[in-house]
1. Taking region 89-111 as the region of interest, how many residues are among the polar types (S, T, N, Q) and either surrounded by 20 or more Cβ atoms within 10 Å (Cβ to Cβ) or farther than 21 Å from Asp37 by Cα (or both)?
2. Give the number of residues within region 340-370 that are buried (at least 18 other Cβ atoms within 10 Å of the Cβ) and more than 16 Å from the chain's Cα centre (by Cα).
3. Would you be able to tell me the number of residues in region 276-292 that are surrounded by fewer than 17 Cβ atoms within 10 Å (Cβ to Cβ) and either hydrophobic (A, V, I, L, M, F, W, C) or closer than 30 Å to Gly354 by Cβ (or both)?
4. Counting just the residues of region 266-275 that are part of a helix (DSSP H, G or I) and out of contact with any Lys or Arg (no Cβ under 8 Å at 6 or more places or on another chain), which one comes out most open to solvent (accessible area, probe 1.4 Å)?
5. Could you tell me whether Leu215 is touching a Cys at 6+ places or on another chain (Cβ under 9 Å), part of a loop (DSSP other than H, G, I, E, B), in contact (Cβ under 8 Å) with a residue 60 or more places away in the chain and among the hydrophobic types (A, V, I, L, M, F, W, C)?
6. Among the residues of region 371-401, how many are outside any helix (DSSP H, G or I) and crowded, with 20+ Cβ neighbours inside 10 Å?
7. For region 399-438, name all the residues that are of a type in the set (Phe, Trp, Tyr) and either in contact with a Pro (Cβ under 9 Å, 6 or more places away or on another chain) or within 30 Å of Val351 (Cα to Cα) (or both).
8. Can you tell me how many residues within region 401-444 are in contact (Cβ under 8 Å) with a residue 60 or more places away in the chain and over 21 Å from Pro217 (Cβ atoms)?
Amino acid sequence: MSDLLKSKRWECDLLGCLMLDADTLTDMQGAGLTAGDFSNDRRARLFGWLAARIEARKPADMISVVESIALRADRADFPSLADVSGYSDDCSPVLAAHIAGELVGLSYRRNALQQLTALVEAYKQETEPDGLQAKAEQVLSGLARGAGSASTWTDGDSLARLLYDDLRARQSAHKDGRPQGVAWGVDMLDRRERDPDTGRIAPTLPAMEKGRLYLMPARPAMGKSSLACQVLLSAAQRGESVGVYNLEMEADGIGRKLLSLLSGVPTAVMRDGSMDGDEWRRTRSALSELSALPIHLDTKPAQSIDMIASKARRLATRLQREGKPLRLLVVDYAQLIRSPGKSTEERQSGVSQGLLALAKELQIPVLALAQLNRDCEKRADKRPQLSDLRGSGQWEQDAHCIAFIFREAYYNPMCGHNTTEMIIAKFRDHKTTTLYLNFDPQTQRFTEPR
């Protein structure tokens, strides 16, 4: 099949995808697709118009589109209504990102051929070496930018403006006592105190900021999932939309953790069904509160990093249209995510880089839980360290913050306390330290140390 026929087929498929599922626009744009990549002016115009409608939260289903185009004075500049009606017949929204990437590649090839043909014509006509050299440099520079590329440079003036706005926003938040990001949801971590080293008032642990990857590694049964539930529940109670991927547990298991945090009823009592009258009353009240929280849970196992990213983009797009932007993404736990690669290290590097890229793309913090290897348990002091990260050193490089969770009582039941250490082994722009929390195994809540 010729490139032109491929382009036509894929362009029709993508337009159909947009009318079936508006959220696929994010996947297409993530692949670098623009109206300029379309081989046909009418289909390009329709794509640009559909994208504008979707971003303006207007209906983009096939019936609404056909009716709207029929009323336009310039409808002759769009594909025929019969063509538009048939675009969604054979399209598959699941493949939208892949098809968009293929179309961007065809567009690049088409543009490259045009540019190189023009260069050959210039060679035939241009007699001055300098003129020919300038033309060649112009063409080759354009081709070197690659398919679907756009300038990502930030000049000094733009950087200064960005920093000015950011610093003023931080000053305002500091003055008002507001977290500069997504708070951790544990009083001891979010409390503003005077730093003994600098003498300035600051939170014990800085809030999670957009575009950054936060890693919470631990051995099993240390409470990392419980702490993550407390973090996301606190954010949701503040009205912040939270996306949660749990590749290990079922929805009911996560739900009981959240209900226990809300009601104070032990998870074991809920699991066994042995609630008394008061506990059932508190649980029902917690259920009502949970139903209204902006928590979005996905428990499908064995998902790939590409699948997780695609779903997160669609969720973020939908919530943005609804006026409830996604503020936090939680992944439990990261090593269960599939990624291409011949070795464990290659696969985990792909997951780490993929989650960081997703945080930067969606401009939200990503909190990823991670499993540690058994090396820490071979040491007399079983406290984890960076070398214990399971699978790849890429995690250490990509993460903005690495906070290990360690409970001595797990290894020594005779210690007589449930103090949990939150070992901050890495935190860019912040000091490393160890923070102490108390863990209630009944409700799985972290509180002030006793």
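The values are calculated or read from the model by the stated rules, or taken from the named source; none is laboratory data. For clarity, every value in this text was computed on a predicted model and none was experimentally measured. Glycine gets a Cβ as well: all are built from the backbone with ideal geometry, and neighbour counts include every protein chain shown. With ligands, DNA and RNA removed, areas are computed over all heavy atoms of the protein, side chains included. Shrake-Rupley method; radii C 1.70, N 1.55, O 1.52, S 1.80 Å.
1. 1
2. 4
3. 3
4. The selected residue is Asp272.
5. no
6. Number of matching residues: 8.
7. Residues satisfying the conditions are Phe404, Phe406, Tyr410, Phe427, Tyr436.
8. Residues meeting the conditions: 2.
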